């Protein structure tokens, strides 16, 4: 289970650029949920995602994953946590351009300490699972947007994480491809039991999720 | 593991190529100067080996050559403490043409040696072509490798020495000694040429068999050559060099060259380092978001450092390989040119020098990558992910 308790995040505190991105946010997302975070631009959705994914630490409050408080972890432990327990999917796909699809999917496995052969074998299986085994040797620039996002989803699942955090995963895709990606995320949530937290502007996509967390001006309003 | 690095370098072809070129130029300079130093070291080492055989050379003054009978001097030298054998020789300049001053290296000389003298040099002069019995043939000579190249002479060729024709009976391998540019003739032939070179008014009174310009001394085992040289210098008309002083001079020259190598290495280090630091810093700045992504999917600071260092080491290694290849081509071409002129070959690229230069370039690349690697590793993932 993922929980945030009275989380506050202030960017550039004590400077003229100070921004209160999150204000006393508390929430719980149960294991195996297919959750959505919605809200207007600047409402704090991405900031919340970075805190849940241990990419950043809250200014106040606590984020816990399966009972472990992330703030107590060192930089190295946080890196290990991100490698083994969290998968990220970004709006702009964000594959490493110098790596093939297969190498991109194998990369989290290597960071988690798996042997190269094992990481590549798992990556091959995941690429097959998203229907891209025939594109495994291609570089990201040689793939379509939908294909890149499927590779990114496979990469997010490389280490069988507890949670996949997807930041507007369909934001740069046409509606047909977006639907395909949402279906894929639902399938992995259902078949693998991995918790999905999806930040989206798309209310149709949000309606397929539960719970739906609504943020406004850095606070949870629903 | 290397493929992604090469793909990354290919993303900025011109910048990568210029950085590699910068290192290649530095490494080429390092290898070329290193090859020059290696060649000098080889000449010094061969010279020391030669001295180990011959032990001491004694020069006879021009006046003494005429006033004193050679056999008297030999007897006096033989009675000098520490000397077990005295071998007379005649050393004359080769009757060179107008192009001689343009040559590199030692002058081309004619060595008139008795059989015993040739035997002393048997470890130094290894025959490349011809017969070991050339001394038994009339008007037959042995020539060094550089001399053979300069005169385009092989076994059976006819060369002219002091107005007489001689047949080349043997060509020796390169020994990196003064004999490479020389012609070896039997002692009596050398004496005849020397007599011919004397002023006409002295010629009738001088017997060729009495002439010698130098003596080679073979010393008793364990004898200090410097002491013998000191004793010989008390004999009127003779001058003996202290081999230790000669070696010290050669080693001092060698030290100067090593300093030049060090200086070249330092320049290569600074130029190469700065260009790699610049390239990798720019690369890290351009890939800030990529580094954020890597951190998001689990890369530790150490993994980021390793990735940047690997890339900078590959840049250094590629520069090193290119520089090494350019240096090998340059040295081979220059050596071929000087060899065709019969001059001293200036460069000697040893496997150790080549390997050392390559490893140095890789290490240089890795060390230069440290500052940008550290910057990349310390990036805050959320800050990095905000970059487009």
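The values are calculated or read from the model by the stated rules, or taken from the named source; none is laboratory data. Keep in mind that what you see is a predicted model, and the values were worked out from it rather than measured. Reconstructed Cβ throughout: ideal geometry from the backbone, glycine too, with neighbour counts over all protein chains shown.
A few points about this structure:
- Taking the conditions (1) over 21 Å from residue B:381 (Cα atoms); (2) in contact (Cβ under 8 Å) with a residue 60 or more places away in the chain in turn, residue A:22 satisfies each one other than (1).
- Note on segment A:135-145: among residues that are surrounded by fewer than 18 Cβ atoms within 10 Å (Cβ to Cβ) and in a helix (DSSP H, G or I), the one that is nearest to the chain's Cα centre (by Cα) is A:145.
- Among the residues making up segment B:225-278, those that are more than 30 Å from residue B:23 (Cβ to Cβ) and without any contact (Cβ under 8 Å) to a residue 24 or more places away in the chain are B:226, B:230, B:233, B:234, B:242, B:244, B:245, B:248, B:249, B:252.
- The set of residues from segment A:51-89 being touching a residue at least 40 places away in the same chain (Cβ under 8 Å), out of contact with any helix residue (DSSP H, G or I) (no Cβ under 7 Å at 6 or more places or on another chain) and within 10 Å of chain B (Cβ to nearest Cβ) comprises A:51, A:84, A:85, A:86.
- Residues of segment A:28-49 classified as crowded, with 23+ Cβ neighbours inside 10 Å and in a loop (DSSP other than H, G, I, E, B), total: 1
- Residue A:177 being over 26 Å from residue A:83 (Cβ atoms) and out of contact with any helix residue (DSSP H, G or I) (no Cβ under 9 Å at 6 or more places or on another chain): no
- Check on residue A:109, out of contact with any strand residue (DSSP E or B) (no Cβ under 7 Å at 6 or more places or on another chain) and modelled with pLDDT of 95 or more: yes
A quick yes/no check of all residues on (1) surrounded by fewer than 19 Cβ atoms within 10 Å (Cβ to Cβ); (2) within 14 Å of chain A (Cβ to nearest Cβ); (3) part of a loop (DSSP other than H, G, I, E, B):
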| residue | (1), (2), (3) |
| --- | --- |
| B:304 | no, yes, no |
| B:337 | yes, no, no |
| B:348 | no, no, yes |
| B:355 | yes, no, no |
| B:363 | yes, no, no |
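- Considering only residues in segment B:251-289 that are surrounded by fewer than 21 Cβ atoms within 10 Å (Cβ to Cβ) and within 14 Å of chain A (Cβ to nearest Cβ), the one that is farthest from the chain's Cα centre (by Cα) turns out to be B:289.
- Just one of the listed residues (B:105, B:156, B:112) is at pLDDT 90 or above and closer than 30 Å to residue B:226 by Cβ, and it is B:112.
- Among the residues of segment B:6-17, those that are part of a helix (DSSP H, G or I) and more than 8 Å from every other protein chain (Cβ to nearest Cβ) comprise B:6, B:9, B:10, B:13, B:14, B:15, B:16, B:17.
- Answer residue from segment A:110-125, given it is at the interface with chain B (Cβ under 9 Å from one of its Cβ atoms) and crowded, with 18+ Cβ neighbours inside 10 Å and is nearest to residue B:293 (Cα to Cα) among those: A:111
- Per this entry, residue B:377 is not counted among residues that are closer than 19 Å to residue B:289 by Cβ, crowded, with 21+ Cβ neighbours inside 10 Å, in contact (Cβ under 8 Å) with a residue 60 or more places away in the chain and more than 14 Å from chain A (Cβ to nearest Cβ).
- When segment A:141-160 is filtered for residues that are farther than 16 Å from residue A:118 by Cα and more than 11 Å from chain B (Cβ to nearest Cβ), the ones remaining, listed by number, are A:142, A:143, A:144, A:145, A:146, A:147, A:148, A:149, A:150, A:151, A:153.
- Residue B:72 being at pLDDT below 90 and within 18 Å of residue B:239 (Cβ to Cβ): yes
- Only one entry of B:298, B:316, B:292 meets the criterion of being farther than 30 Å from residue B:78 by Cβ, surrounded by 22 or more Cβ atoms within 10 Å (Cβ to Cβ) and away from chain A (no Cβ under 14 Å), and that entry is B:316.
- Every residue from segment B:100-143 that is within 22 Å of the chain's Cα centre (by Cα), farther than 24 Å from residue B:343 by Cβ and in contact (Cβ under 8 Å) with a residue 12 or more places away in the chain: B:123
- Filter result for residue B:93 (under 23 Å from residue B:221 (Cβ atoms) and at pLDDT 85 or above): no
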